[in-house]
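Structure first, commentary second.
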Amino acid sequence: MSSSTTARSDELIFFVNGRKIIEKNADPERMLLSYLRKRLHLTGTKYGCGTGGCGACTVMISTYEPFSKKIQHCSANACLIPICCLYGAAVTTVEGIGSVKSRIHPVQERIAKCHGSQCGFCTPGMVMSIYALLRNHPEPTMEQISEALAGNLCRCTGYRPIIDACKTFCKDLDCCKIRENENCCLDLKENLLLSEKGKEICTKLFATDEFQPWDSTQELIFPPKLLLMAKEQRKRTLVFYGERTTWISPVSLKELLELKAKYPKAPLVVGNTSVGM
Ligand code: FES
Ligand code: FES
């Protein structure tokens with residue numbers, strides 16, 4: 001809703017890659033993608049379309065769900081997420097899971113070794129979509145992989161190598177459904193070429209036994225301080241004032257309805273595919 005007030009905003013507290021962020025002047029019109037890139041200088045998350053269509057800006061958002069008392073992880077388009085909705089959330093970006101300076105993550109390694117990255121622009125988003133999938137399903141099915149990557153576009157690879165990389169995390173590799181006593185298609189002679197000297201050369205694009213193992217228990221944990229904060233549950237309405245807009249996060253349905261009656265033209269922001277764009 002429009003704002004002309006000079007009242008003070010609440011502090012916005014959230015975590016990015018395990019680091020606590022306290023933003024004293026959270027602008028309701030600021031999206032997470034520009035905050036990451038311009039304010040925190042985390043430029044691994046890419047700006048593709050800016051309208052939720054390409055997935056280049058995908059990050060993982062983790063929140064504590066008070067009803068199930070569980071941590072929930074989901075992939076999200078940072079270009080559509082107002083920072084004001086992140087109070088109490090943990091954001092994980094591609095820098096948070098691995099880098100060449102420390103150690104690349106198995107998802108990054110497998111996408112690279114399976115030739116799933118060419119120009120590389122879509123890669124951080126692909127990596128984060130797969131990473132969020134693995135946090136929820138350490139041994140995903142093909143259906144879950146397809147669903148997880150449905151929002152990520154790639155103009156270079158034709159998707160096949162990216163899917164190949166994902167499939168290496170499946171419990172059962174999806175091969176040719178061989179008959180008994182036959183070789184698996186992944187080991188067929190088709191993968192061998194004869195060199196000029198008549199020697200067999202393997203044309204397989206990658207060797208799965210070279211991959212780092214993936215161990216879901218070694219991943220970043222939900223920040224313990226944030227967990228404490230989330231368990232206490234927010235009892236107070238949060239208000240963030242921007243130059244043109246005010247963001248109000250109510251704590252109850254009753255309060256939401258009262259606010260809606262008071263400001264009937266104020267939009268409710270949930271997925272933010274309308275106001276955000
Ligand atoms: Fe394309 Fe966000 S930049 S979905
Ligand atoms: Fe170029 Fe995917 S590798 S867009």
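The values are calculated or read from the model by the stated rules, or taken from the named source; none is laboratory data. Source: prediction; values computed, not measured. Counting neighbours? That spans all protein chains shown, and the Cβs are built from the backbone with ideal geometry, glycine included. Quick note on the areas: whole protein, heavy atoms, side chains included, nothing else; ligands and nucleic acids left out. Shrake-Rupley method; radii C 1.70, N 1.55, O 1.52, S 1.80 Å.
So here's what we get for this one:
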| item | result |
| --- | --- |
| Carbon plus sulfur fraction of accessible area for the range 27-130, probe 1.4 Å, in percent | 54 |
| Cut-off 15 Å between beta-carbons: net charge of the residues surrounding Gln218, Lys and Arg +1, Asp and Glu -1 | -1 |
| With every protein chain in place, the range 209-253: carbon and sulfur % of accessible area (1.4 Å) | 54 |
| With DNA, RNA and ligands ignored, accessible area of Asp215 (1.4 Å probe; Å², nearest 10) | 70 |
| Amide hydrogen neighbours beyond the local backbone of Thr245, cut-off 5 Å, H modeled | Ser3 |
| Solvent-accessible ranking of Lys24, Lys113, largest area first, probe 1.4 Å | Lys24, Lys113 |
| Cα-Cα over 32 Å, subset of Lys69/Lys260; Lys38/Lys171; Lys24/Lys254 | Lys38/Lys171 |
